[in-house]
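In what follows, a single structure is set out as structure tokens and then discussed.
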Amino acid sequence: GDGPNPHRVEPLVKALADLEALKFLYPAPRRDLLADFPLVKAEIGERALLAAIDATHAGSWGMEVLGPENQLIASVAEPELLAGVCRLANDVHLRNLRALLELGLEVVYDSWFQCGPSVGWSPKTYRNIFLPLIRECIALAHEYGAIYIYQDDGKMRDILPLVVEAGADVLGGLQPPDVGDVVLSEAKALYGDKVALLGGLDPCYTFDLGNPELVREAVRRGKEV
């Protein structure tokens, strides 16, 4: 089942030998979706930018073939397996993005929540395995003149300079303490002249457990930063 708490009987991938078979579980981009894309773009016209999310990469659902525990274990016990899964997932992601970018996609929205500090990854693993993949996605978006949004659902403070340096156009998420660790005013002071900031609101206590007035007040505070 889908997240946030799918039931796993066993991981889909257990060894490097499984990767060759895993390739066959990634279908080509849907032809009906690609055929509809120009129609949607024409309907939107100049009124808005057209964004898309492809969740096949390692930062999203690509690493679900290992499962959360096995992802972390593999980073120590079998880093080649982790790197192989990430490589395969990112190759599929880049293929899917290119198909959309060639049709005029204007905004790539990539959520890398599986690769963030909140999951438990070390800075070394982030730099060595995940950051190069992120750079590839940003470079592809920029090759077609598209905007790249980097999204994370948890703690981001320590990776923000790396993502900014990699060339992201927008930083999304930016959850404040205690859910996250980003102080919006600090992020704006450090990176506001380099990237756009998207988010900065508490998704749990402000939205899920809050009320409309609490959301309005949080937005007002964010605008004053």
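Residues that are more than 16 Å from H57 (Cβ to Cβ), among the hydrophobic types (A, V, I, L, M, F, W, C) and open to solvent by 10 Å² or more (accessible area, probe 1.4 Å) within segment 137-158 comprise just one, I147.
Within the bounds of segment 173-187, is there any residue that is assigned to a loop (DSSP other than H, G, I, E, B) and under 18 Å from L131 (Cβ atoms)?
Step one: of segment 173-187, the residues assigned to a loop (DSSP other than H, G, I, E, B) are 174-183.
Those left that are additionally under 18 Å from L131 (Cβ atoms): none.
No.
Among the residues of segment 13-33, is there at least one that is farther than 30 Å from V179 by Cβ, part of a helix (DSSP H, G or I), open to solvent by less than 30 Å² (accessible area, probe 1.4 Å) and touching a residue at least 24 places away in the same chain (Cβ under 8 Å)?
Quick first cut of segment 13-33, residues farther than 30 Å from V179 by Cβ only: 13-33.
Applying the additional criterion that residues be part of a helix (DSSP H, G or I) yields 16-25, 31-33.
Cutting the leftovers down to open to solvent by less than 30 Å² (accessible area, probe 1.4 Å) gives us 19, 22.
This time we only want the ones that are touching a residue at least 24 places away in the same chain (Cβ under 8 Å), so: 19, 22.
Checked against the condition, which is being farther than 30 Å from V179 by Cβ, part of a helix (DSSP H, G or I), open to solvent by less than 30 Å² (accessible area, probe 1.4 Å) and touching a residue at least 24 places away in the same chain (Cβ under 8 Å), segment 13-33 yields at least one hit.
Residue by residue through segment 43-94, note down the ones that are assigned to a loop (DSSP other than H, G, I, E, B) and open to solvent by 60 Å² or more (accessible area, probe 1.4 Å). Don't jump to the end; show me each part of the working.
As a first pass, look at segment 43-94 and keep what is assigned to a loop (DSSP other than H, G, I, E, B): 45-50, 53-61, 66-67, 78.
Listed by number, the residues that qualify are E46, R47, L49, I53, W61, E78.
For segment 163-209, the tally of residues that are open to solvent by 70 Å² or more (accessible area, probe 1.4 Å), over 28 Å from H142 (Cβ atoms) and hydrophobic (A, V, I, L, M, F, W, C) stands at 2.
Yes/no matrix, rows are residues, columns are (1) out of contact with any strand residue (DSSP E or B) (no Cβ under 9 Å at 6 or more places or on another chain); (2) modelled with pLDDT under 90; (3) of a type in the set (A, V, I, L, M, F, W, C):
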| residue | (1), (2), (3) |
| --- | --- |
| L22 | yes, no, yes |
| L49 | no, no, yes |
| A52 | no, no, yes |
| G62 | yes, no, no |
| I73 | yes, no, yes |
| A83 | yes, no, yes |
| A89 | yes, no, yes |
| H93 | no, no, no |
| L105 | no, no, yes |
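Here is a check on your reading of the model: is L105 open to solvent by less than 10 Å² (accessible area, probe 1.4 Å) and assigned to a loop (DSSP other than H, G, I, E, B)?
Details: open to solvent by less than 10 Å² (accessible area, probe 1.4 Å): yes; assigned to a loop (DSSP other than H, G, I, E, B): yes.
Spelling it out, L105 is indeed open to solvent by less than 10 Å² (accessible area, probe 1.4 Å) and assigned to a loop (DSSP other than H, G, I, E, B).
Look through segment 108-130, keep the residues that are among the aliphatic types (A, V, I, L, M) and in contact with a helix residue (DSSP H, G or I) (Cβ under 6 Å, 6 or more places away or on another chain), and return whichever of them is most open to solvent (accessible area, probe 1.4 Å). So the residue we want is I129.
The values are calculated or read from the model by the stated rules, or taken from the named source; none is laboratory data. None of the values given here were measured: they were computed from a predicted structure. Positions of Cβ are generated from backbone atoms using ideal geometry, with glycine treated the same way; all protein chains shown enter the neighbour counts. Note: areas computed on protein heavy atoms with side chains; ligands, DNA, RNA excluded. Shrake-Rupley method; radii C 1.70, N 1.55, O 1.52, S 1.80 Å.
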